[in-house]
1. Please state which of the following conditions P74 fails to meet, knowing it meets all the rest: (1) of a type outside the set (A, V, I, L, M, F, W, C); (2) farther than 21 Å from V160 by Cα; (3) outside any loop (DSSP other than H, G, I, E, B).
2. In the range 124-152, which residues are over 18 Å from S88 (Cβ atoms) and assigned to a strand (DSSP E or B)?
3. Looking at D22, is it modelled with pLDDT under 90, of a type in the set (D, E) and either part of a loop (DSSP other than H, G, I, E, B) or open to solvent by 20 Å² or more (accessible area, probe 1.4 Å) (or both)?
4. Answer yes or no as to whether L75 is modelled with pLDDT of 55 or more and surrounded by 17 or more Cβ atoms within 10 Å (Cβ to Cβ).
5. Taking the range 116-140 only, how many residues are at pLDDT below 95 and either over 14 Å from G66 (Cα atoms) or under 10 Å from the mean Cα position of the chain (by Cα) (or both)?
6. Looking at (1) under 23 Å from R149 (Cβ atoms); (2) open to solvent by 50 Å² or more (accessible area, probe 1.4 Å); (3) touching a Ser or Thr at 6+ places or on another chain (Cβ under 8 Å), can you tell me which one R124 breaks?
7. Applying the selection to the range 96-121, what residues are crowded, with 23+ Cβ neighbours inside 10 Å and within 21 Å of N161 (Cα to Cα)?
8. Testing V218 on (1) at pLDDT 80 or above; (2) closer than 19 Å to G68 by Cβ; (3) in contact with a Pro (Cβ under 8 Å, 6 or more places away or on another chain); (4) open to solvent by less than 10 Å² (accessible area, probe 1.4 Å), one condition comes back false. Which one is that?
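The values are calculated or read from the model by the stated rules, or taken from the named source; none is laboratory data. A quick note: this is a predicted structure, and the numbers were derived from the prediction, not measured. Backbone-built Cβ (ideal geometry, glycine too); neighbour counts: all protein chains shown. These accessible areas exclude ligands, DNA and RNA; they are computed on the full protein's heavy atoms, side chains included. Shrake-Rupley method; radii C 1.70, N 1.55, O 1.52, S 1.80 Å.
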Amino acid sequence: MSDTFKTASADPLAARSNLDADAVRAAYRRWAGVYDAVFGAISAPARRAAVAAVNQAPGTDVLEVGVGTGLALPLYLREKRITGIDLSAEMLDRARIRVRQQNLTNVDHLLELDAEDTGFESGRFDIAVAMFVASVVPNPRKLAEELRRVVRPGGTILFVNHFAADGGPVAWVERAMAPASRALGWHPDFSIDRLIAPAEAVGLTARPMRPFGLFRLVSLVNTTPA
């Protein structure tokens, strides 16, 4: 492991606000039945932008981390071969129903896996996209490291997430909501350097997404050697 990538146990901020896997499963078990209606509409523009970036990226083998109920799956070009993973069995059940109902033949696998330790071989994918999951996993930098491992050198890595505001009223609200992280299933006060250390952010781009810049699309080319 690169010295730049520290686990959350070495990060004082992370140690105070980590969500463990059981907390994530419990939160999304509660949300599974209403996720599409409550969160789907709010996140739709950012989701569409992320899939558009995937569709434009070179390569065909795509890993979607945090596939959830499969809201993004119908948006991929059919020539993209999709493997989706999630920690929530309830969410995956709904994604499988969506695949069957919409005959999404380019979805190869929907698997219950830990995003920080997927078990896929190194360089397996051309593209990885993690939507609304970076602030959910216990160790965000370990997530970024795992995506660098499973994406081939020169491949594309994308994150869509809410990242904490630098200041002002929004930042105050985010900090006030932080103690509710376990119930929410995500960190309202999540900063981008919790995910990617500055030294690893070479070539990184981040642009705000609608609505209101609530989410940002982060893109980088995988520079990890084979």
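1. Unmet for P74, out of (1) of a type outside the set (A, V, I, L, M, F, W, C); (2) farther than 21 Å from V160 by Cα; (3) outside any loop (DSSP other than H, G, I, E, B): (2).
2. F125, D126, I127, A128, V151, R152
3. Details: modelled with pLDDT under 90: yes; of a type in the set (D, E): yes; either part of a loop (DSSP other than H, G, I, E, B) or open to solvent by 20 Å² or more (accessible area, probe 1.4 Å) (or both): yes.
Answer is yes for this residue.
4. no
5. 9
6. Only one criterion is unmet by R124, namely (3).
7. Passing the criteria: only A115.
8. Against the list (1) at pLDDT 80 or above; (2) closer than 19 Å to G68 by Cβ; (3) in contact with a Pro (Cβ under 8 Å, 6 or more places away or on another chain); (4) open to solvent by less than 10 Å² (accessible area, probe 1.4 Å), V218 comes up short only on (3).
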